[in-house]
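S.K.: Attaching a single structure in structure tokens format; questions to follow.
The values are calculated or read from the model by the stated rules, or taken from the named source; none is laboratory data. Computed from a predicted structure; not experimentally measured. When we count neighbours, we look across all protein chains shown, and the Cβ atoms used for this are built from the backbone with ideal geometry, even at glycine. Calculation scope for accessible area: heavy atoms of the full protein, side chains included, ligands and nucleic acids excluded. Shrake-Rupley method; radii C 1.70, N 1.55, O 1.52, S 1.80 Å.
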Amino acid sequence: MQLSFEKIVFSLVKNLIKIGNKSGNLVIAGGAAMNCVFNGLLNKSKIYKNNFIPAYPDDLGVSIGAAYLANNLYSKKKRRIYYEKHNYFGPNYTDIEIKNELIKSKIKFSKPHNLTKFVAKKISEGSLIGWFQDSMEFSHRALGNRSILADPRNPNMKKILNKAIKFREGFRPFAPSVLEEHASKIFELNRSDRIYFMEKIAKVRKNWRNKIPSVTHVDNTARVQTVNKKINSKFYNLINDFYRITKVPLLVNTSFNLNGEPIVCSPNDAIRTFYSCGLDILIIGNYVVEK
């Protein structure tokens, strides 16, 4: 099915460039643009100079498109559509709101002096982390604000995550979030390549496949997210602290939810999910809850 999909869409894309305006730019949207394998191959094909896939190419993005369309039709002030580098447009909760929720739930919690250093050490020791921070992602992908995080060096981590939390099909891989300046060293990417929305796959370089087995798929690919310090400084600092401990500048990153449930949105969602599965530690805002 995947091979047939690739054959059909590549045929369409090649036809399009013959009859298009020769801009060298391609935008793909729709549910088919969620196909990370094809998206990665499209980049390597060099048919178009620039390929853009939104963070929400499926029906989620219709709301954004409708807002832009309505603005252009009815407003005197035209808004430019800009190149998005993040999609943290969802609800945000203050430390006061989070603390009140923890107290109301009668849960013991602590507040480490250096949060990211504390969490990085715990991950390096094998802990499974529920990571709840700042504004929620507007997307299917957890990109460092509503994530479950783990150590990519452990060859059994996929089985551990599936048994403890995700209960997913065994063939489905888990994805890496990598410091952007190290991405081309680990994956077959150009130094300038950025994958902000975990929307493309890339080959893991041979000398890294044994170092990060839990994010290296059976075909030696990985669905990559490159993490930028300015875009998400807290998540970047966490990965960087893990890098200082392990010399590995990436983490396993999967969405903070149980199988069949949506990604957690509120502090209450995070607490309920944490106590419903095999996570070891919940990092919620600047607070730590341990089992």
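S.K.: If I ask for residues that are hydroxyl-bearing (Ser, Thr, Tyr) and either surrounded by fewer than 19 Cβ atoms within 10 Å (Cβ to Cβ) or over 19 Å from ILE231 (Cβ atoms) (or both), which ones from region 92-117 would you list? Walk me through how you get there before you give the answer.
M.R.: Just the residues of region 92-117 that are hydroxyl-bearing (Ser, Thr, Tyr), to begin with: 93-94, 105, 110, 116.
Result: TYR93, THR94, SER105, SER110.
S.K.: Tally time: how many residues in region 18-48 are exposed (fewer than 15 other Cβ atoms within 10 Å of the Cβ) and either in contact (Cβ under 8 Å) with a residue 12 or more places away in the chain or in contact with a His (Cβ under 8 Å, 6 or more places away or on another chain) (or both)? Give the steps one after another, and end with the answer.
M.R.: Within region 18-48, the first condition is being exposed (fewer than 15 other Cβ atoms within 10 Å of the Cβ), and the residues that meet it are 18-25, 27, 30-32, 44-46.
Those left that are additionally either in contact (Cβ under 8 Å) with a residue 12 or more places away in the chain or in contact with a His (Cβ under 8 Å, 6 or more places away or on another chain) (or both): 24-25, 27, 30-32, 45.
Matching residues across region 18-48 total 7.
S.K.: Sticking with this one: Just to be sure before I move on: is VAL289 part of a loop (DSSP other than H, G, I, E, B), crowded, with 19+ Cβ neighbours inside 10 Å and at pLDDT 95 or above in the structure I sent?
M.R.: Values: part of a loop (DSSP other than H, G, I, E, B): no; crowded, with 19+ Cβ neighbours inside 10 Å: yes; at pLDDT 95 or above: yes.
Spelling it out, it is not the case that VAL289 is part of a loop (DSSP other than H, G, I, E, B), crowded, with 19+ Cβ neighbours inside 10 Å and at pLDDT 95 or above.
S.K.: I need the full set of residues from region 70-88 which are open to solvent by less than 90 Å² (accessible area, probe 1.4 Å) and at pLDDT 90 or above, in order please. Lay out the reasoning, then the answer.
M.R.: First pass over region 70-88, keeping only residues open to solvent by less than 90 Å² (accessible area, probe 1.4 Å): 70-72, 75, 84, 86-88.
Of everything in region 70-88, those that are open to solvent by less than 90 Å² (accessible area, probe 1.4 Å) and at pLDDT 90 or above turn out to be ALA70, HIS86, ASN87, TYR88.
S.K.: Quick one: which of VAL204, VAL252 is over 22 Å from GLU137 (Cβ atoms) and of a type outside the set (Ser, Thr, Tyr)?
M.R.: Values: VAL252 fails: over 22 Å from GLU137 (Cβ atoms).
That would be VAL204, the only listed residue that is over 22 Å from GLU137 (Cβ atoms) and of a type outside the set (Ser, Thr, Tyr).
S.K.: Still on this model: Considering each residue of region 117-139, count those that are under 20 Å from SER233 (Cα atoms) and part of a loop (DSSP other than H, G, I, E, B), and give that number.
M.R.: 7
S.K.: Scan region 157-176 and tell me whether some residue there is within 23 Å of ILE231 (Cβ to Cβ), in contact with a Phe, Trp or Tyr (Cβ under 8 Å, 6 or more places away or on another chain) and part of a strand (DSSP E or B). Give the derivation first.
M.R.: Here is the first cut: in region 157-176, the ones within 23 Å of ILE231 (Cβ to Cβ) are 174-176.
In the following step, the residues that additionally are in contact with a Phe, Trp or Tyr (Cβ under 8 Å, 6 or more places away or on another chain) were identified as none.
No, region 157-176 has no match at all.
S.K.: Can you find, within region 245-266, the residue that is least open to solvent (accessible area, probe 1.4 Å) among those that are of a type in the set (Gly, Ala, Ser) and within 24 Å of GLU169 (Cα to Cα)?
M.R.: Taking region 245-266 first, the residues of a type in the set (Gly, Ala, Ser) are 255, 260, 266.
Then drop every residue that is not within 24 Å of GLU169 (Cα to Cα), which leaves 255, 260.
Values: SER255: 25, GLY260: 80 Å².
The selected residue is SER255.
S.K.: Of ARG272, ARG205, ARG209, ARG191, which residue is closer than 24 Å to GLU97 by Cα and out of contact with any Pro (no Cβ under 6 Å at 6 or more places or on another chain)?
M.R.: Numbers: ARG205 fails: closer than 24 Å to GLU97 by Cα; ARG209 fails: closer than 24 Å to GLU97 by Cα; ARG191 fails: closer than 24 Å to GLU97 by Cα.
None of the other options fit; the residue is ARG272.
S.K.: Also: If you check ALA164 against the conditions, is it open to solvent by less than 50 Å² (accessible area, probe 1.4 Å) and either in contact with a strand residue (DSSP E or B) (Cβ under 9 Å, 6 or more places away or on another chain) or among the β-branched types (Val, Ile, Thr) (or both)?
M.R.: Values: open to solvent by less than 50 Å² (accessible area, probe 1.4 Å): yes; either in contact with a strand residue (DSSP E or B) (Cβ under 9 Å, 6 or more places away or on another chain) or among the β-branched types (Val, Ile, Thr) (or both): no.
Spelling it out, it is not the case that ALA164 is open to solvent by less than 50 Å² (accessible area, probe 1.4 Å) and either in contact with a strand residue (DSSP E or B) (Cβ under 9 Å, 6 or more places away or on another chain) or among the β-branched types (Val, Ile, Thr) (or both).
S.K.: Which of (1) among the aliphatic types (A, V, I, L, M); (2) touching a residue at least 40 places away in the same chain (Cβ under 8 Å); (3) farther than 14 Å from VAL227 by Cα does ALA183 not meet, given it meets every other one?
M.R.: (3)
S.K.: Continuing with this model, one more query. Cβ-Cβ below 6 Å, separation at least six or inter-chain, first residue in region 138-158 and farther than 20 Å from ILE186 by Cα, second surrounded by fewer than 22 Cβ atoms within 10 Å (Cβ to Cβ) and among the small types (Gly, Ala, Ser): which pairs?
M.R.: Every condition considered, the pairs that remain are PHE138/GLY90; ALA142/SER255.
S.K.: Going by what's in this entry, would LEU282 be described as open to solvent by less than 60 Å² (accessible area, probe 1.4 Å), touching a strand residue (DSSP E or B) at 6+ places or on another chain (Cβ under 6 Å) and not β-branched (Val, Ile, Thr)? So that I can check it myself, show each step before the final result.
M.R.: On the way: open to solvent by less than 60 Å² (accessible area, probe 1.4 Å): yes; touching a strand residue (DSSP E or B) at 6+ places or on another chain (Cβ under 6 Å): yes; not β-branched (Val, Ile, Thr): yes.
It is true that LEU282 is open to solvent by less than 60 Å² (accessible area, probe 1.4 Å), touching a strand residue (DSSP E or B) at 6+ places or on another chain (Cβ under 6 Å) and not β-branched (Val, Ile, Thr).
S.K.: Just to verify a result, which residue in region 123-142, among those that are among the hydrophobic types (A, V, I, L, M, F, W, C) and at pLDDT 95 or above, is most open to solvent (accessible area, probe 1.4 Å)? Lay out the reasoning, then the answer.
M.R.: Applying the first criterion (among the hydrophobic types (A, V, I, L, M, F, W, C)) to region 123-142 yields 123, 128-129, 131-132, 136, 138, 142.
Filter once more, keeping what is at pLDDT 95 or above: 123, 128-129, 131-132, 136, 142.
Numbers: ILE123: 0, LEU128: 6, ILE129: 1, TRP131: 1, PHE132: 3, MET136: 31, ALA142: 5 Å².
The residue in question is MET136.
S.K.: Okay, next question. Provide a single number: the residues in region 181-206 that are on the phi > 0 side of the Ramachandran plot and in contact with a Gly (Cβ under 9 Å, 6 or more places away or on another chain). Outline the logic, then answer.
M.R.: The first filter runs over region 181-206 and keeps only residues on the phi > 0 side of the Ramachandran plot, leaving 198.
So of that shortlist, the ones also in contact with a Gly (Cβ under 9 Å, 6 or more places away or on another chain) come out as none.
The total comes to 0.
S.K.: Go over the candidates ALA55, ALA67, ALA120 one by one and state the one that is modelled with pLDDT under 90 and open to solvent by less than 40 Å² (accessible area, probe 1.4 Å).
M.R.: ALA55
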